[in-house]
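The values are calculated or read from the model by the stated rules, or taken from the named source; none is laboratory data. Note that the structure is predicted; figures quoted are calculated from it, not measured. Cβ coordinates were reconstructed from backbone atoms using ideal geometry, including for glycine residues, and neighbour counts include every protein chain displayed. These accessible areas exclude ligands, DNA and RNA; they are computed on the full protein's heavy atoms, side chains included. Shrake-Rupley method; radii C 1.70, N 1.55, O 1.52, S 1.80 Å.
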Amino acid sequence: MRFMNDTVLTEIPVHYNRIKDDTERLSFQMNSDLLTGSLLKTLVASKKSGRILELGTGGGLATSWILDGMDQQTRLLTIENNAALWEIAKGQLSDSRVEFLLVDGYKWLKEYQGEKFDLIFADAMPGKYDLFEETIQLLKAGGMYVIDDMLPQPNWPAGHAEKAEAFIQMLETRNDIILTKLKWSTGIIIAVKK
Ligand SMILES: C[S@@+](CC[C@H](N)C(=O)[O-])C[C@H]1O[C@@H](n2cnc3c(N)ncnc32)[C@H](O)[C@@H]1O
């Protein structure tokens, strides 16, 4: 089974390494990993003319994968509250299909009243552990909610493991989503809204 492996050495987004270098200079260590990026690219490619939301742009590593999966009609809105990271992402990923918002995700989630989304990658506290109800309401029927970092990570603070467990239990008891947990990459959950 030579080709059935987890290696993602081809088709890494062209901006990937420059973003990695720039974010490392800021000592930012929360970049999404390569496998997650590859999965996001694949899932996003299923959403033709779609609307994608990313909560927690960081320096744009996952954003670069998402953009590579999007067709020309698909639009991405990505949200970040750290100006230095936002500058990196916006500077490296100039593309008319994406809007980079420098805003507090809590405030944005409470106030947003626009069109719903076909896929949400929730990679910040707001949208995941906080304001989950508001976030899932922003998903169209058939839309995908995707999260990573659900397996224990070296940078998890004390108490976070319990928080993650409780969050997974909450997801599993909901009857408005269908979910699969992947013990792969950093731990992925994909939930589809009924
Ligand atoms: C796990 S990192 C995202 C990493 C990103 N997916 C990548 O590939 O680089 C979480 C991001 O959420 C941002 N964040 C944290 N709290 C936020 C908030 N209240 N509003 C918006 N962004 C927030 C952090 O600054 C950080 O960049």
State whether the residues of the stretch 162-170 include one that is surrounded by 15 or more Cβ atoms within 10 Å (Cβ to Cβ) and touching a Pro at 6+ places or on another chain (Cβ under 7 Å).
no
Working only within the stretch 17-56, note down all residues that are touching a helix residue (DSSP H, G or I) at 6+ places or on another chain (Cβ under 6 Å) and at pLDDT below 90.
Asn31, Ser32
Go through (1) more than 13 Å from the ligand (Cβ to nearest atom); (2) under 24 Å from Asn31 (Cβ atoms); (3) touching a residue at least 12 places away in the same chain (Cβ under 8 Å); (4) open to solvent by 10 Å² or more (accessible area, probe 1.4 Å) one by one and return the number of the condition Phe117 breaks.
(4)
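Would you be able to say whether some residue in the stretch 137-150 is over 30 Å from Gln113 (Cβ atoms) and of a type in the set (S, T, N, Q)?
As a first pass, look at the stretch 137-150 and keep what is over 30 Å from Gln113 (Cβ atoms): none.
Taking every residue of the stretch 137-150 in turn, none turns out to be over 30 Å from Gln113 (Cβ atoms) and of a type in the set (S, T, N, Q).
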On the basis of being of a type in the set (Phe, Trp, Tyr) and without any contact (Cβ under 8 Å) to a residue 40 or more places away in the chain, does Tyr112 make the cut?
yes
Considering the stretch 27-40, residues that are within 10 Å of the ligand (Cβ to nearest atom) and within 18 Å of Glu80 (Cβ to Cβ), and then whichever is surrounded by the most Cβ atoms within 10 Å (Cβ to Cβ), we arrive at Leu40
Report the residue count in the stretch 64-80 for those that are near the ligand (Cβ under 7 Å from one of its atoms) and closer than 15 Å to Thr23 by Cα.
1
What number of residues in the stretch 59-114 are open to solvent by 30 Å² or more (accessible area, probe 1.4 Å), under 23 Å from Glu133 (Cβ atoms) and of a type in the set (A, V, I, L, M)?
2
